[in-house]
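Here's the structure we're looking at; comments come further down.
Here, each number is a calculation from the coordinates, and none is a lab measurement. Keep in mind it's a predicted model, so treat the numbers as computed, not measured. Cβ placement follows ideal geometry from the backbone for every residue including glycine, while neighbour counts extend to all protein chains displayed.
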Amino acid sequence: MMDTQTDTLAVRDLSVSFDTRAGALQALRKVSIKVPAGEIVGVVGESGCGKSTLIGALLSLLSENARVVGGEVLLDGEDVLRATPRRLQAMRGREMSVVFQDPMTSLNPVLSVGRQMRDIQYRERISDAEKSRRAAAMLGRVGLPDPEAKLHAYPHELSGGMRQRVAIAMAALMEPKLLIADEPTTALDATLEVQIIELLKEIQREIGCAILFISHHLGVIAELCDRMVVMYAGEAVEEGPVEEVFQRPAHPYTAKLIECDPGRLHERVEALPAIPGSLPDLTDPPAGCIFRDRCHMATEICAREAPPRVAVTPGRWSACHHAKAVSA
Amino acid sequence: MSGFRHTLIGRLARDPLAVMAIVIIAALVVMAVFADLIAPYDYTAMHMTDRFAPPSAEFWLGTDNLGRDTFSRLLQGGRIALTVGLTAVVISGLIGLVLGMIAGFGPRWLDNALLFFFDTLRAYPTIILALALAALMPRGLTTVIVVVVITSFAEYGRVVRTQTLSLKHSEFILAERAMGASFGRIVFHHILPNVLGPFFILAAMNLPVVITIEAGMSFLGVGVPPGTPSWGSTLKDGFDHIRQTPWLILSGGLPLILVTLGFTFLGEALRDQLDPRLRSGR
Amino acid sequence: MIQYTLQRVALALGIVFVAISALYGVMIALPGDPTSVLLGPRATPEMRALFREQMGLDDPLVVQILNFWGRVLSGDLGTDFFRNRSVATAVMNALPHTVALVFGAIFWSATLGILLGAFSADRRNSLLDRVTGVISVAFIAAPSFVVALYSLLLFAVTLRWFPSIGAGEPGDLLSRIQHLVLPSLAIGLAWVGYVARIVRASMLEAMGESYIRTARAFGLPRRRVVYNYALRVAILPAVQVLGVGIGGMLSSAVFAEIVFSRPGIGTLIYTSVSDRNYPVVMGAMLVAIGFFVTCALIADLINAALDPRHRKTQ
């Protein structure tokens, strides 16, 4: 229990299912992720691995057909999933906030930037002028020139990079304990991507928040994060410090991701490198290891038993029967 | 094609609103077609001792100012409504179909010209145009149909044009063209079947509008000739004698509401089935 | 925005010009002597001669139409030969009544429609939502002149809650409003249904948008997000529909005015058609179409103004 005191976010054995016509789709199965205070943790995985479901569960903003089957999400030791709606509302935006993928659609098109930034301060007992002043100050901190004028701008009047800076300013405005970044650079070009990464680092230093950074871009994870979690088909398959994971991956999936194109680590890619095979049917996940069908190292035990978490080095584990062999 | 129809009807049968709509429409059609057999009285027969009678076992929906049986007259009115409605919808639908496909396929200037033409026609408030034209033409069903066609084909034209335009640039049409398919083949094998879905939805929604216009024109005295038992004429008689009997207005309005309800539900059910993207979520 | 406005205005002017010219052309070109077709059998030979001269009936059709527009632009809509007044006077006396009626109907449909639509979107699939859904369709399905007759029968003749005849005492606002309630509701009822459905659908669409999720993720209360953010976006299509709907409302106004014996453009056209007083019909048509096209144009421009995305793309 000691570690929950120092972890800003602790996700334990979180399982989420969607009710679909074909049955319950098990989008997340016993996922555990820790984000220690003041650290930046990356989550990497291809589309369909459950990244968006994870964010929905963290914010308790899942779609209507989703059910949390089990597990807990602790924000500074407080269970988000069991919080009252009132408490939840108080946590959102103030204790945890989020930067979404596409600022074109995540910012309200018919309201000015200033109005949106004032609105999220609705709980503060200060005048509108003061709210505007704070908003402008934060816009200045994220590097937008002429922040007062930007308050009157509508999202479509800003460039893509500026819009994402606005979104980051909104997320940082209330100085949250946890900032969730959902592929914030996917919609941007490479130069802007670097700038946004630098900005996130800076914000993290200034307000001392923890960041959960979700991406399918290995290069960005390598550059920004302290620790990383690799997700595959609704499960966390490996976790550890970034350099160690990149140098000596302990799960065949991670190894495939890195070895597929080590040279392009620092290049921009639209999607993770292709691995032969496809994702399993999550309405009826196979017994044993979830990655078995696409794994070159699969043996008979992989079909029989779900792999346990194997500690590789301190603070590092892999959900693979052959973890030691992979990392060797 | 028969497989498609089978599944469509099958799917409609599982939608309670669609079933209700079809029952209402079927009942109205049966009553209109067999009006002479069902009607308890000749619709012109006057029972001068029973003027303004309330509904009774003898006169189911009462009688009018001349002692004529309202139920028998409404049955006859159903005939008029369906005749005018179907004729007008078929004519305006065909005109709209042709003009819409021309606009969709034609050169840009022709498309713009036709769009402007459609917009202009839609600028006429229907009943006001009906009044203006009816005064210039002889009173009768033909005039009613002409007026209705003028005011409604533009809507068909617009829908067909939009649909054609979106198909024209779709990949499968481009592929067909690249393979040298004839213009006729593209139109009849690809465009037409895909245009028909929205087209029938519109027709189902438009039919009650047309019937209401006919009733409205007859109410205003510029529709059917005097003495013809259109639903609108019954309402007009009721309005003229509102202080003698409420029954003429009450029973005269009912079939109009039922027709609109029936076809609106049918149109929505069709839309839900044929075009799931437009599903209203109800 | 300016370019967009100019484009829309030019299109609207073009539509009015062509629509009226076509009607005028048909009227003149009809077989038979125009003076007898347009003035009817009651007209005296002197009236016919005056009419022929005023309209320049011996000129070619195009010249006649252009002359007609020349007169219209100088404010002359023709002469009401039977009552010996200018058509412009007759129309301008009638117009305010019809405008009040139509805006009364818009008031009903906007307030009731937006409320019903927003509530049912907020409580999707609740009993309230289902009931609203059925009521909306029932409203849409009830033809306006049947609604006018039914409400006349129920509220004015049977219950006597509201007056049944006329537009109220001039200068007495309360009486005017009392006389407006039933006819405007009769016209607006169908639109209550339309607006409710459109607002519901577009609110549900808006609530699926990413920026609504953002607002919720920042802890804005659900209520505030629904009624402040989603509704704001959802009202736009309703404005557009009401703007276009004014054409339909003008048609309904004819019935409402006749059923409730109110003065107005509808009554004016109706009596003029019955009297074969065609110059008045023509003038009233021009004003009715002009009013409709103007309202649709304004709705379009309001939409563009409320939706900042429009300003840039157009």
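Data table
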item: Compactness of chain A, expressed as Rg and Dmax over alpha-carbon positions, Å; result: 20.3, 67
item: Projected-area average for chain B over all orientations - Cα convex hull basis, square nanometres; result: 17.8 nm²
item: Cα-based convex hull volume of region B:61-115 per residue, rounded to whole Å³; result: 93 Å³
item: Mean shadow area of region A:34-159 over all directions, Cα convex hull, nm²; result: 10.1 nm²
item: Set A:Lys201/A:Lys324; A:Lys34/A:Lys150; A:Lys256/A:Lys324; A:Lys51/A:Lys150; A:Lys131/A:Lys201; A:Lys34/A:Lys131 screened for pairs whose C-alpha atoms are more than 27 Å apart; result: A:Lys201/A:Lys324; A:Lys34/A:Lys150; A:Lys51/A:Lys150; A:Lys34/A:Lys131
item: All-pairs alpha carbon distance profile, region B:182-282, 5 Å steps from 0, percent; result: 2, 12, 16, 15, 13, 10, 9, 9, 7, 4, 2, 1, 0, 0
item: Interatomic Cα distance distribution for region A:167-244, bins of 5 angstrom, percent; result: 3, 14, 26, 25, 18, 11, 3, 0
item: Enclosed volume per residue, in Å³, of the convex hull spanned by Cα atoms of the protein assembly as shown; result: 227 Å³
item: Gap separating the Cα centres of region A:140-170 and region B:152-190, nearest whole Å; result: 45 Å
item: Contact order normalised by residue count of chain A, Cα under 8 Å, 6+ apart, percent; result: 20 percent
item: Rounded if a/c under 1.5, otherwise prolate or oblate - region A:57-130, Cα gyration tensor axes; result: oblate
item: Alpha-carbon Debye profile of region C:1-150, log10 I(q)/I(0) at 0.12, 0.15, 0.19 Å⁻¹; result: -0.81, -0.98, -1.20
item: Ellipsoid equivalent to region A:111-257 - semi-axes via the Cα gyration tensor, in Å; result: 34, 16, 12
item: Sequence-separation-based contact order of chain B, relative, with Cα cut under 8 Å and 6+ spacing, percent; result: 25 percent
item: Gyration tensor (alpha-carbon) shape descriptor, region C:78-117, a/c threshold 1.5; result: prolate
item: Binned Cα-Cα distances of chain C, short to long, each 10 Å bin given as a whole percent; result: 6, 22, 26, 23, 15, 6, 2, 0, 0
item: Contour minus Cα-Cα distance for A:Lys324 and A:Ser63 (0.36 nm per residue); result: 90.0 nm
item: Peptide ranges C:34-43, B:215-224, C:226-235 listed from the most packed, as the mean C-beta count within 10 angstrom indicates; result: B:215-224, C:226-235, C:34-43
item: Region B:132-216: radius of gyration over Cα atoms, expressed as a fraction of 2.2 N^0.38 Å; result: 1.50
item: For A:Met170, B:Met31, C:Met92, A:Met231, order by how many other beta-carbon atoms lie within 10 Å, fewest first; result: C:Met92, B:Met31, A:Met231, A:Met170
item: Per-selection metrics, region C:142-234 (Cα): Rg and Dmax in Å; result: 20.2, 56
item: Centroid-to-centroid separation of region A:18-85 and region A:275-325 [C-alpha atoms, Å]; result: 21 Å
item: Cα-only radius of gyration and Dmax that characterise region B:1-88, units Å; result: 17.7, 58
item: Rg/Rh (Cα only; Kirkwood hydrodynamic radius) as it applies to region C:18-67; result: 0.97
item: Alpha carbon centroid spacing (whole Å) that separates region B:75-94 from region C:1-48; result: 29 Å
item: Region A:48-119: relative contact order in percent, alpha carbon pairs under 8 Å with at least 6 residues between; result: 18 percent
item: Region C:219-314: C-alpha gyration tensor shape, a/c 1.5 cut-off, then a/b vs b/c; result: oblate
item: Separation of the C:Val181 and C:Val134 label points, Cα + 7 Å toward Cβ, nm; result: 2.7 nm
item: DSSP-defined beta bridges in the protein assembly as shown - what % are antiparallel, rounded to 5; result: 65 percent
item: Helix runs (DSSP H) in chain A reaching 27 Å along axis by Cα, Kyte-Doolittle at least 1.0; result: none
